[in-house]
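In what follows, a structure is listed as structure tokens, so that the remarks can point back to it.
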Amino acid sequence: MSAHPHELAERALAAATGPCVALVSNRSEANLRWAANTLTTNGLTSSQDVTVIAVHGGDQVGVVSRSGVDVDSIAALVADAEAAARASAPAEDAAELVPGPADDAFGEAPGEVTAGDLAALAQSLGSALEDARSGDRELFGYAEQTLHTTYLASSTGLRARYALPAATVQLNGKSHQRSRSAWAGAAAQALDAVDVAALAAEVTDRLGWQARRLDAEAGRYETILPPSAVADLMAYTLWSSDARSAHEGRSVFGRKGGGTRVGDQLSGQHLRLFSDPTAAGMQTAPVVMVGGSSPFGSVFDNGLPVTRQSWIEDGVLRALPTTRHSAGLAGIADTQAADNLVMEVDGGRGSAMDLVADLDDGLLLTCLWYIREVDPQTLLLTGLTRDGVYKVEGGEVIGAVTNFRFNESPVDLLDRIVAAGTTVPTLGREFGDYLPRTAMPALRVRGFNCSSVSQAS
Amino acid sequence: MTRDRVDDDFRDLPLTRLADAALQRARELGAEHADLRVERVRSASLRLSDARVAGGGDSTDSGLAVRVVVDGAWGFSASADLTTEAAQAAASRAVEMARVSRPLSTERVELAPEPVHTGEWVSSYALDPFDVPDADKAEVFTTWSRQLLDAGLNHVDASFDWVKEQKFYADLAGTATTQQRVRVQPVLTGVVVTGDGMETMRTLAPPVGRGWEYVVGTSADGAWGWAEELEALPGLAVEKLKAPSVEAGRYDLVIDPSNLFLTIHESIGHATELDRALGYEAAYAGMSFATPDKLNTLKYGTPLMHVTGDRDIEHGLASIGWDDEGVATGSWDIVRDGTLVGYQLDRRIAQLTGAERSNGCAFADSSSHVPIQRMANVSLQPAANGPSTEEIIAGVERGIYVIGDKSWSIDMQRYNFQFTGQRFYKIENGRLAGMVKDLAYQATTTDFWGSMAVVGGPQTWVLGGAFNCGKGQPGQVAAVSHGCPSALFTDVRVLNTNEEGAA
């Protein structure tokens, strides 16, 4: 017999013989994918997982998740979690479970994404595909609408429900026997809020910029990074910033000889990097909801409030994401990270193209790809440019150059910011799947290290 | 003893009834093709930090998926409920999705023919890791972690991931297969930190399609040599911390299988996925320089180069009896004598390009996802009477021996790549001359494989692999193995990563 998520959570707690947390994760999704001007795949899926976190003896924990759980099988799931807890070694992050309060909306049913949620997109995409065909261009891309509703209940009385809608559209255009490539993407809470025609127009414009090809060598360039590229670099920075790794001297935010770099000036710019569960259009859960412990979240911390947290303020490293356990290890404040990221630079104004207007000689990138860590202690990252690199001279784009492999540290780059644009919602080309809720400015940076040429076009 | 039968608790599910319900509904609604998958994927993990449990869990994802072709268009839907009603509803929704999609589709979907198959297949493993008490697993990794800490390392991260994947597939043509495979990934990483800096050293044991015997076995049993590796690891970490920084330049590289497998994955494995080469991944993972017009002409590398696609190698992470389109699997050549001669295919791509049949590379990582073309085990074959690693090194005047993988990145057409590793040893006049660090090698795919001067013998061949290869939108992960021998590559660009990072 099926049951509502909140009922499953309550039944799990009722079946528990000791301290217990139940998380029910309900996910509904619709997606379309297209390539070479034709639809390739689609999907309309729903899933529901129940995770039971059972605590035994105060510091032993068993975490068992299962999909397709109904009221008849929930007790068995709880029993498995409790057995796992009894059999486990003590958990290093063990702590008292977080007490209430109970959310009035806890009993509400989850929402559902339907094929109808794709209707407007399908129509605008159809027009874009038709335009592309008639213009001898090809469009490739992907769009999805998801609604992820999480129910959190604890034997301490805590009841929380959070619905997280998310939509993304990515559009890649190619022309001239695929020798030219351009990309635009957007994230929102609903597909209806994404202007596909505007994305298609941007892609078409940029393909036009590539009519003139110019030679360029590897080297360091004054470079304009659009918000998408900044989002990818800052996402990696956030994911490399857990307090424990820093405290143990294993990350760029650790001080040689011990301790974190909290308090260090990272940038001469008055910039802020922060996460905020209430950020307009990018809201995320206001309490911790995790089904597994990691440096960024502990199962014992489920239900702890998540508030706005500045990681960098006025260019100074102010905090690092923690769990209660890692905050204690590192001797710093407990700061739970929200699932979004915003950068603002005082005085930042305009778009990437406005920054181009002030650049005498340099490059304008479109986006970055295949970003991987080379050295954790400097956070040296490598990766590639993609979908258009443009030569800028005298404040104008004068043509396209080759793609490059870069080797750069985003933390080091913060101190090489020359100018910034207005912070706008953006979608990271590579990490937008994992962190779609980002708002970033375009940045102009000195000496961006284009380590070698990539022949990819 | 290896298993020969899928677990009863999966076989006992109403698999045939679910298939009948879904396929009949799809047929009634006009589907030209319909297939049903019932999947149960149980994944578990254990994480330790400095010999204390830092996390873990046990997650089971199960459900059914219906994929249809209606009027030449794909439709797909999935459900977590394993009831005939859910199967019928999923079939109806899949048909609805196909009809919604039809106006946007300009290519008619047709599938390459495949004989009808029925049967059962189980991967080769002895000890189901889910049958082993978690406390026993924790004890092994706690003991190993303590051993490394006691040897002087400042920190030790340990993790163990284990997965059991069960699949039932049936289609309108009559194919019905049931399969089960098990894979494990044990990793330990030692960290040494001083006022001068930090270095890490990770175990080289690759993830494999084996069971718990891979962890508790010994090299004498054909499992991994854990005792030897853990004994050496602390000293290697300290040696690396003290090692001089490499001098950037061009070197001959002797690359160990523990590193080369990943270069194969990125520069050959992904590059020879035909869906990519045709553009079906262009918006995301990218395309390939190895386009179909170059088949049988592209000089991928030196004539010593022989690369195969395999879906039936024992313990391979991508080994399976039938793929997720009911295609019977096997092996085939991808690069022969240095020339591109084959691709990885699924049924739609095979039909589209005139191939007689698919070579069985369709895979979905769960019932929630549609099968897409995923990588077979792609392996570099050893030279029949080739040299040992020591013999290869002996022939190098000035070079570097590269062991273990670490960082990897390649462009979206698979030209330009950059890899680091766990350990690097200078080679001077045919002998190892101490460790260096801060090294990455960078090349273009065909230049690199064109510089392969010596291929090691079978005695150097190791089946490496990766647990979580990403592809597709919505994103899917797949596990895949790559076997290779040691090999020598001449005149490769080596970077000093400190210099790369210096502003």
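The values are calculated or read from the model by the stated rules, or taken from the named source; none is laboratory data. Model, not experiment: these values are computed from the prediction. Ideal geometry is used to build each Cβ from the backbone, glycine not excepted, and the neighbour counts take in all protein chains shown.
Under the condition of being assigned to a strand (DSSP E or B), within 30 Å of B:K406 (Cβ to Cβ) and either facing another protein chain (nearest Cβ under 9 Å) or under 25 Å from the mean Cα position of the chain (by Cα) (or both), the residues counted in segment A:351-386 number 18. Look through A:V52, A:V24 and report the one residue that is closer than 30 Å to A:Y142 by Cα, part of a strand (DSSP E or B) and either touching a residue at least 12 places away in the same chain (Cβ under 8 Å) or not assigned by TED's automatic domain parsing to the domain that holds A:A190 (or both). After ruling out the rest, the residue left standing is A:V24.
Of the conditions (1) within 13 Å of chain A (Cβ to nearest Cβ); (2) modelled with pLDDT of 95 or more; (3) assigned to a strand (DSSP E or B), B:A54 fails just one. Which one is it? (2) is the only condition that B:A54 fails. With respect to being modelled with pLDDT of 95 or more and within 21 Å of B:P474 (Cα to Cα), A:S25 fits the description. For segment A:230-239, the condition holds for at least one residue, the condition being that it is more than 13 Å from chain B (Cβ to nearest Cβ), surrounded by fewer than 23 Cβ atoms within 10 Å (Cβ to Cβ) and over 22 Å from B:M198 (Cβ atoms).
If a residue counts only when it is within 17 Å of B:A271 (Cα to Cα) and under 17 Å from the mean Cα position of the chain (by Cα), which strands (runs of 3 or more DSSP E) contained entirely in segment B:444-489 have at least 2 such residues? It would help to see each step written out before you state the result.
Numbers: elements: B:452-455, B:462-471, B:476-484.
So the answer is B:462-471, B:476-484.
Under 32 Å from the mean Cα position of the chain (by Cα), surrounded by fewer than 24 Cβ atoms within 10 Å (Cβ to Cβ) and within 12 Å of chain B (Cβ to nearest Cβ): does that describe A:A115? The answer is yes for A:A115.
Those helices (runs of 4 or more DSSP H) of segment A:182-292 in which 1 or more residues are assigned by TED's automatic domain parsing to the domain that holds A:I332 and within 16 Å of A:Q309 (Cβ to Cβ) occupy A:227-239, A:243-247. Considering (1) in contact with a Leu (Cβ under 9 Å, 6 or more places away or on another chain); (2) under 30 Å from A:S46 (Cβ atoms); (3) among the acidic types (D, E), the lone condition that B:D365 does not fulfil carries the number (1). Looking across segment B:159-198, the residues that are within 12 Å of chain A (Cβ to nearest Cβ) and touching an Asp or Glu at 6+ places or on another chain (Cβ under 9 Å) come down to B:T189, B:G190, B:V191, B:V192, B:V193, B:M198.
Scanning segment B:463-503 for residues that are surrounded by 18 or more Cβ atoms within 10 Å (Cβ to Cβ), closer than 30 Å to B:I372 by Cα and of a type in the set (A, V, I, L, M), we see that the one that is nearest to the other protein chains (Cβ to nearest Cβ) is B:A466. Within segment B:4-42, the set of residues being surrounded by fewer than 17 Cβ atoms within 10 Å (Cβ to Cβ) and farther than 24 Å from B:R348 by Cβ comprises B:D4, B:R5, B:D7, B:D8, B:D9, B:R11, B:D12, B:P14, B:T16, B:R17, B:D20.
Could you tell me how many of the residues in segment B:396-435 are part of a loop (DSSP other than H, G, I, E, B) and either over 27 Å from B:K242 (Cα atoms) or within 14 Å of chain A (Cβ to nearest Cβ) (or both)? Of the residues in that region, 11 qualify. Only one of the numbered conditions (1) at the interface with chain A (Cβ under 8 Å from one of its Cβ atoms); (2) closer than 22 Å to B:W322 by Cα; (3) touching a residue at least 60 places away in the same chain (Cβ under 8 Å) is not met by B:L111, and that is (1).
One line per residue, one yes/no per condition, for (1) crowded, with 24+ Cβ neighbours inside 10 Å; (2) on the phi > 0 side of the Ramachandran plot; (3) touching a residue at least 40 places away in the same chain (Cβ under 8 Å); (4) not assigned by TED's automatic domain parsing to the domain that holds B:R210:
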{"position": "B:G326", "(1), (2), (3), (4)": "yes, yes, yes, yes"}
{"position": "B:G338", "(1), (2), (3), (4)": "no, yes, yes, yes"}
{"position": "B:V341", "(1), (2), (3), (4)": "no, no, yes, yes"}
{"position": "B:L345", "(1), (2), (3), (4)": "yes, no, yes, yes"}
